[in-house]
Amino acid sequence: MAAASFTAAKFLAPVAARSGGDRAPLHASSSLWPRTKPAPRLRTRKALAVSDVLSGNKAAPAAAAHPSATRDEALELYEDMVLGRFFEDMCAQMYYRGKMFGFVHLYNGQEAVSTGFIKLLNQADCVVSTYRDHVHALSKGVPPRSVMAELFGKATGCCRGQGGSMHMFSAPHNLLGGFAFIGEGIPVATGAAFAAKYRHEVLKESGPDGLDVTLAFFGDGTCNNGQFFECLNMAQLWKLPIVFVVENNLWAIGMSHVRATSDPEIWKKGPAFGMPGVHVDGMDVLKVREVAKEAIERARRGEGPTLVECETYRFRGHSLADPDELRKPDEKSHYAARDPIAALKKYIIEQNLATESELKSIEKKIDDVVEEAVEFADASPLPPRSQLLENVFSDPKGFGIGSDGKYRCEDPLFTQGTAQV
Amino acid sequence: MMCSIQITKGLLDKYGPDRVLDTPITEAGFTGIAVGAAYQGLRPVVEFMTFNFSMQAIDHIINSAAKSNYMSAGQISVPIVFRGPNGAAAGVGAQHSQCYAAWYAHVPGLKVLAPYSAEDARGLLKSAIRDPDPVVFLENELLYGESFPISAEVLDSSFSLPIGKAKIEREGKDITITAYSKMVGYALQAAEILSKEGISAEVINLRSIRPLDRAAINASVRKTNRLVTLEEGFPQHGVGSEICMSVVEESFEYLDAPVERIAGADVPMPYAANLERMAVPQVDDIVRAAKRACYRAAPMAATA
């Protein structure tokens, strides 16, 4: 049988036809795919966010009335976001002065997500983050001086200088890290949620509010990683009290989300596993807070996980070592105009919740807090040399206590044993 | 958390589905979930069908479990056990036959145990579960089928063996043979053969690969002056290398002969039965190495 001539176009043609209907393949510009005509509105866009796709599809539900906040709530949110922003700006300064070193990843621009979610949690609820974890730590209540001292590598840091920027842990605040590998925190968060459900249902240690909730924060790049899907499956299978919070800032280090992802609408991955998937404007703290409230309450009631995709943006590069040359200026200015702090400030003033000068005094207060944190960290000592070998194990001797209460390994006859071959 | 060769048979009936979980075959996910649960105070025992599959989850074993107590300066301890069969079975091919003792014992923050007998398995696993740190528990599929005599003390419900202590399985005065897991049985057989040739071999069952019982090994070498290290895994950077270095560091003047290292062949495990036999140490390999260390390469007796 004569083989038909096999060209790339013929091989790929059926795929192109399938996707040529409602929506053009979003990566039509890549050379791997045949040239199909993209829908005109997408072709003119340079910055392509999921919200652009949603509005293009008209698949998203109509935006509800803008959520509101009381004066106290709004001021709490404002103060927390300003703390996050000023702290990160100070980190950049300290880094360029050599006080901070290694890998430092700043959160500027994404404050609405951290504040919007974490300010709704109790002390017993858990937060698991990535290497971009300073602001999650601050929102969860870790004192700024502890975080700053940790970043300087001092003995007074929250991890005594052992962890550093990427590994923030605080047991009293239930901040379970700080992980360097993308996706690494997701199974750990799922496990913490498992423990919460286990304590509640099997050990019958009930909290007054319901289940303790765990939040897992991670980025758009992580949503293509295997363990993300493994955990979506198991969290829904066992109905764990967890919220998967995607901070989609369009860039995974230097990889653009739309170039890396077959279907960039991350929220859709939730329903594929049987849980609700929600897309929210991550530059608006009140919208984030409203979605967060619903998701956290669902988890607390035992209804299981939710996947929340927050469309957000980081104003700085991936890390302080990143020259940030890949992102286009108009994309950056598009999001700079949507600065969450400026947006909340505008809301507060327009709704007459507080005056300009009250907001200024909050900013001044935070300025002082951050300055004080730097002074504290500067004045703190480096870890003592003896700290190098500490804390490798929780119990260096290893368990081996006999029925008489003594360590077995101290008993000279013990290694004789009884087995014969 | 996975059913394997019926080690967990009966546990589901005894403890119920809340405590014995069947998971999907997604090692990275379920291992990380177990680590997260351990962070929050539960004591999970994670079962890998074989330790080869632990490579899918090794990031969590090392980065989320082993390093956490250190990174958090003691705030987050991880009382977790990773267990399962390790090393070669029979005819299962290259991807199902690797020994991971050297890999895991390399990492500070992990405790690595390798039981040989039934007494070892019971006592060490109990200690591993009660230990507040991550423990890698390397069993052996072929040993599951072997029977060992045990005393009443072993059957006691609180019987436990200390982590970090080796056991002298057979006392001797001419040469020390260190081994773990299945190789302990081979070493004991070799010791029997050697004794008929007038070589009295002391067999040490390491039990604990990390921390290594350096005191016991060195005390034995200072007594016998000769050492053969025995393991099933690949030779380069293996457990035997570490034991040799420990002896060189602490007991160099006591050595009367170079240290002999017996390990598996430096190849991925072949499938053919005759090649597989050649790729794993056999009893006569041990006997020959012991004789080399005793400078008695030719057999003394008429019977070999």
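The values are calculated or read from the model by the stated rules, or taken from the named source; none is laboratory data. Nothing here was measured: the structure is a model prediction, and the numbers come from that model. Please note: Cβ atoms are built from the backbone with ideal geometry, for glycine as well, and neighbour counts cover all protein chains shown. In case anyone asks, the SASA skips ligands and DNA or RNA and just uses the protein heavy atoms, side chains included. Shrake-Rupley method; radii C 1.70, N 1.55, O 1.52, S 1.80 Å.
Quote the Stokes-Einstein diffusion coefficient, in whole µm² s⁻¹, for the stretch A:123-202, based on the Kirkwood radius over alpha carbon pairs, a temperature of 37 °C and a viscosity of 0.692 mPa s.
Estimated via Stokes-Einstein, D reaches 259 µm²/s.
For a quick check of understanding: with a 1.4 angstrom probe and all protein chains in place, what accessible area in square angstrom does A:C158 have, to the nearest ten?
Taking all protein chains as shown, A:C158 has close to 30 Å².
Please compute the contact order of chain B in relative form: average sequence separation of alpha-carbon pairs under 8 Å and at least six residues apart, divided by the residue count, as a percent.
15 percent
For the protein assembly as shown, give the magnitude of the charge dipole about the Cα centre (Cβ charges: +1 Lys/Arg, -1 Asp/Glu; no others), in debye to the nearest 20.
Charge dipole of the protein assembly as shown: 1300 debye, to the nearest 20.
Using Cα springs under 10 Å in a Gaussian network model of chain B, which residue among B:R222, B:R277, B:R207 shows the largest mean-square fluctuation?
It is B:R277.
Per-residue Cβ counts within 10 Å, from other chains only, averaged over B:177-183: what number is that? Present the calculation step by step, with values, prior to reporting the outcome.
Numbers: counts 0, 0, 0, 0, 0, 0, 0.
Per residue, the average neighbour count from other chains is 0.
Between B:R19 and A:K204, how high is the FRET efficiency from 1/(1 + (r/R0)^6) when r is the Cβ-Cβ distance and R₀ = 22 Å? Nearest 0.05.
With a Förster radius of 22 Å, E is 0.95.
Which value, to two decimals, describes the C-alpha radius of gyration of the stretch B:155-263 once divided by 2.2 N^0.38 Å?
Compared with the compact-globule rule of thumb, the stretch B:155-263 sits at 1.04.
What ranking of B:Y104, A:Y131 comes out by heavy-atom accessible area, probe 1.4 Å, highest first?
Greatest to least solvent exposure: A:Y131, B:Y104.
For the stretch A:274-390, taking Cα atoms only, what is the radius of gyration to one decimal and the Dmax to the nearest whole Å?
Looking at the stretch A:274-390, its Cα Rg and Dmax stand at 20.3, 56 Å.
Consider a paramagnetic label point 7 Å from the Cα of A:V392 along Cα→Cβ; state which residues of the stretch B:111-128 have an amide N under 14 Å from it.
Inside the label zone: B:111-112.
Mind grabbing the accessible area of A:F103 for me, 1.4 Å probe, Å², rounded to tens?
Only protein atoms counted, so the area is about 130 Å².
Translational D (Stokes-Einstein, µm²/s) of chain B at 10 °C and 1.306 mPa s when Rh comes from the Kirkwood sum over C-alpha pairs?
Values: Rh = 20.1 Å.
Once the numbers are plugged in, D ends up at 79 µm²/s.
What ranking of B:D13, A:D368, B:D213 comes out by heavy-atom accessible area, probe 1.4 Å, highest first?
From most exposed to least exposed: B:D13, A:D368, B:D213.
Give, to the nearest whole percent, the P(r) tail of the stretch B:190-243 beyond 17 angstrom, counting all Cα pairs.
When all Cα pairs of the stretch B:190-243 are counted, 44 percent exceed 17 Å.
Using Cα-Cα distances under 8 Å and only pairs 6 or more residues apart, what relative contact order does the stretch B:137-252 have, in percent?
Answer for the stretch B:137-252 is 29 percent.
Calculate how many DSSP beta bridges within chain B are antiparallel, expressed in % of all such bridges and rounded to the nearest 5.
Working: 5 of 27 bridges.
Close to 20 percent.
How do A:F218, B:F252 rank by accessible surface area computed with a 1.4 Å probe, from largest to smallest?
Highest to lowest solvent-accessible surface, that is B:F252, A:F218.
Hey, if you put +1 on the Cβ of every Lys and Arg and -1 on every Asp and Glu Cβ in the protein assembly as shown, which of B:S200, B:L161, A:N233 ends up farthest toward the positive end of that dipole?
The Cα lying farthest towards the positive end belongs to A:N233.
What is the pair-distance distribution P(r) of the protein assembly as shown, computed from all Cα-Cα distances in 20 Å bins starting at 0, with each bin given as a whole percent?
Each 20 Å bin holds this share of Cα pairs: 16, 41, 30, 12, 1, 0.
To make sure I understand the rule: partners must be aspartates and glutamates, Cα under 17 Å from the Cα of B:K291, and not fewer than 8 residues away in the same chain. Which ones qualify?
Within the straight-line limit of under 17 Å, B:K291 reaches these aspartates and glutamates: B:D174, B:E192, B:E197, B:E202, B:D256, B:E260.
What's the angle, to the nearest 10 degrees (0 to 90), between helix B:283-293's Cα axis and the longest principal axis of chain B?
It works out to around 60 degrees.
Hey, any idea what Rg/Rh is for the stretch B:87-149, computing Rh the Kirkwood way over Cα pairs?
1.00
Given A:K204/B:K182; A:K154/A:K293; A:K268/A:K332, which pairs have Cα atoms separated by over 31 Å? Could the numbers behind the result be given before it?
Numbers: A:K204/B:K182 43 Å; A:K154/A:K293 37 Å; A:K268/A:K332 26 Å.
Pairs exceeding 31 Å: A:K204/B:K182; A:K154/A:K293.
Please average, across the residues of B:124-133, the number of beta carbons from any other chain that are within 10 Å of each residue's own beta carbon, and give a whole number.
4
Of the listed pairs A:K140/B:K111; A:K119/A:K345; A:K99/A:K328; A:K140/A:K365, which have alpha-carbon separations greater than 21 Å here?
The answer is A:K140/B:K111; A:K99/A:K328.
Which percentage, to the nearest 5, of the DSSP beta bridges contained in the protein assembly as shown is antiparallel?
Of those bridges, close to 20 percent are antiparallel.
With a 1.4 Å probe and all protein chains left in place, how much accessible area per residue does the protein assembly as shown have, in Å²?
43 Å²
Subtracting the Cα-Cα distance from 0.36 nm times the residue separation, let me have the gained length for B:A272 to B:Q236 in nm, one decimal.
Difference between extended and current length: 10.6 nm.
Determine the calculated [θ] at 222 nm for the protein assembly as shown from helices alone, applying -39500 (n - 2.57) to every DSSP H run no shorter than 4 residues and normalising by the residue count; nearest 500 deg cm²/dmol.
My calculation for the protein assembly as shown gives -11000 deg cm²/dmol from helical runs alone.
Determine how many Å³ per residue the convex hull of the Cα atoms of the stretch B:153-194 encloses.
Details: hull volume 4.4 nm³, N = 42.
Output value, Cα hull per residue: 106 Å³.
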